[in-house]
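Where a number appears in this text, it was derived from the coordinates with a stated rule and is not lab data. Everything numeric here is computed off the predicted structure, so don't read it as measured data. Here the Cβ is made from the backbone with ideal geometry for all residues, glycine too, and neighbour counts use every protein chain on show.
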There are 4 protein chains.
Amino acid sequence: MKFTAKIFVTLRHSVLDPAGTAVKSALEQMHQEVESVRIGKYIEMIINATDQEIAIQQVNLACDRLLANPVIETYTFELISNESN
Amino acid sequence: MKFTAKIFVTLRHSVLDPAGTAVKSALEQMHQEVESVRIGKYIEMIINATDQEIAIQQVNLACDRLLANPVIETYTFELISNESN
Amino acid sequence: MKFTAKIFVTLRHSVLDPAGTAVKSALEQMHQEVESVRIGKYIEMIINATDQEIAIQQVNLACDRLLANPVIETYTFELISNESN
Amino acid sequence: MKFTAKIFVTLRHSVLDPAGTAVKSALEQMHQEVESVRIGKYIEMIINATDQEIAIQQVNLACDRLLANPVIETYTFELISNESN
């Protein structure tokens with residue numbers, strides 16, 4: 001079965017986001033009212049797996065090892081089955 | 001009114017994604033079956049605006065000028081009103 | 001006076017680099033012998049300042065607030081005077 | 001032989017740098033005089049190769065396939081031999 005995983009990697013709340021601060025400050029200079037800007041990553045992965053459970057394991061492995069930095073980031077994801085029947 | 005914008009910046013389909021290729025290849029080395037990995041950005045912005053239309057204009061401005069690189073990226077977003085009533 | 005700052009932002013040694021790990025693993029799959037890959041940022045800034053001391057202060061301010069994440073990153077820079085005389 | 005490659009990946013001059021623009025604008029709001037900010041990547045790679053020529057081939061391969069996006073980026077690198085004799 002084929003699955004699409006939509007993965008969101010975001011900075012932990014306690015961690016500063018200098019790039020987000022830069023965007024917030026730049027928007028204020030353009031006279032926009034912005035309370036906060038936090039910049040993370042969005043990953044789309046298409047995977048093959050025998051069932052949903054295996055697919056979830058694969059996505060967790062990818063996030064834990066290759067996509068998120070556990071010291072400063074957390075992740076969530078949605079898994080969509082690409083099969084129609 | 002206060003709004004939360006959830007912004008997705010993704011590479012255009014025609015554009016190579018070397019970082020995504022690296023992750024795909026690394027997963028294959030771990031014996032995972034992966035068809036594609038595309039890495040983009042996910043931004044959460046909290047803004048103040050008099051109404052939804054103004055909020056949408058603000059998000060478009062931020063994306064066009066500061067968050068997305070129009071040569072290679074496109075963006076979509078969801079806007080959520082933080083007001084309860 | 002005009003100065004060019006060449007700024008290197010790198011992950012602290014104690015911090016995992018998932019994107020670097022992905023590149024290393026992908027290279028190994030291409031039968032390359034790689035011991036480590038660490039991915040940081042490289043920033044070129046052109047600034048105006050009355051003298052070199054002020055220029056250094058400006059670069060430090062930019063790094064501390066907007067370019068480096070102090071929890072996980074450190075930075076170094078070179079400052080080049082663009083004036084010829 | 002062991003080599004350290006210091007790799008600089010920068011956006012082509014013709015390509016907009018939204019993240020750099022955000023930092024420049026944020027610095028101006030802090031009353032800093034900045035002419036331009038361009039944000040790229042800095043990668044340190046330690047590789048094993050029989051000689052310098054092979055090492056250069058390895059670095060080019062890594063850059064062309066995994067580190068730089070040829071549509072918008074270019075790269076340069078320095079190669080340092082880690083052997084003392």
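One table, with the values for the structure above:
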| read-out | value |
| --- | --- |
| The protein assembly as shown: calculated mean residue ellipticity at 222 nm from DSSP helix runs of at least 4, using -39500 (n - 2.57) | -8500 deg cm²/dmol |
| For segment B:2-81, projected area of the alpha-carbon convex hull averaged over all directions, nm² | 6.2 |
| Other copies of residue A:56: label-to-label distances in nm, shortest first, labels 7 Å along the beta-carbon direction | 3.7, 5.3, 5.6 |
| Residue-averaged beta-carbon neighbours from other chains (10 angstrom radius) around A:43-51 | 6 |
| Length-normalised contact order for segment C:2-81 - Cα pairs under 8 Å, 6+ apart - percent | 52 |
| Degrees between helix D:52-62 axis and first principal axis of chain D (Cα, 0 to 90, nearest 10) | 40 |
| Residue-averaged beta-carbon neighbours from other chains (10 angstrom radius) around A:58-69 | 5 |
| Convex hull per residue volume in Å³, alpha carbons only, for segment A:41-85 | 77 |
| In degrees, nearest ten, helix D:18-29 long axis to first principal axis of chain D (Cα) | 50 |
| Computed over the protein assembly as shown, the ratio Rg/Rh where both radii use C-alpha atoms and Rh is Kirkwood | 0.98 |
| Residue-wise HN-Hα coupling along segment B:36-46, computed from phi with Karplus coefficients 6.51, -1.76, 1.60 (Hz; x: Gly, Pro) | 7, 9, 10, 9, x, 10, 10, 10, 10, 10, 10 |
| Hypothetical label at residue A:6: residues of segment B:1-39 whose amide nitrogen lies under 14 Å (7 Å Cα-Cβ projection) | B:6-10 |
| Dipole moment magnitude, nearest 20 debye, segment C:2-81 about Cα centre, only Lys, Arg, Asp, Glu C-beta charged | 160 |
